[in-house]
Amino acid sequence: MLEALTGSGLAASAGLNAYIPLLTMGLLARYTDAINLPSGWQWLSNGWVVAILALLLAVEVVADKIPVVDHVNDIVQTVVRPTAGGLAFGAGSSSETVTVSDPGAFFGSHQWVPVAAGVVIALCVHGVKAASRPVVNATTAGVGAPVASTAEDFGSVVLSLLAILLPVLVLLGLALLVLGGWWVIRRRRRRKRERRPVEGVGTGRLFG
């Protein structure tokens, strides 16, 4: 069960920021004993891979904090984040960590299952993130974009570390993401209801 929580936490983290969970695993595997990547995933700790992930993360961090640019970035990341989520779930759930000593016992020989699960989880989290940003930008005139982005980056880092070091607490992080998704859906519905009377009045005056 801990393997599933580790993978879920890393995939959810990728939904917020594609590169943070992959970079976290790469750095911890390269410089600490907190995680031992299996042979098929040891490329994540390669120096060049770590450097490339750090560069991509820097670009992502800047782009996601600029209004309008963040929307374009979210469109591009619709492919990148689920892919990263699949990789993060696959690598994380099959790795030995401080809490997981027999990762192969949970998923058995179905190696595609964690990757597919990671894609779905990351895509759902990404969808909530992408849907919330227009709401934040509209209600704060764009001022809230860097604040929201910083909070998302922080959440991604925390989720990645919890997934590897304390996977049980991932349940709390996932619960907060569900509450965030509920808030976004409710807020968007409220904005649509507020627009309808205004649009109706405008149309009536134009043709009345």
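The values are calculated or read from the model by the stated rules, or taken from the named source; none is laboratory data. Everything quoted here is computed from the prediction, not taken from an experiment. With ideal geometry, Cβ positions are generated from the backbone for all residues, glycine too; neighbour counts draw on all protein chains shown. For the accessible areas, the whole protein counts, side chains as well, though only heavy atoms, and no ligand, DNA or RNA atoms are used. Shrake-Rupley method; radii C 1.70, N 1.55, O 1.52, S 1.80 Å.
Side notes on the structure shown:
- Between W183 and S39, the simple spin-label model (points 7 angstrom out along Cα→Cβ) gives 4.7 nm.
- Computed accessible area, K65, all protein chains, 1.4 angstrom probe, square angstrom: 50
- Annotation for the range 62-100 versus the range 1-52: alpha-carbon center distance of 11 Å.
- Accessible surface of T97, taken over heavy atoms with a 1.4 Å probe and every protein chain present, rounds to 20 Å².
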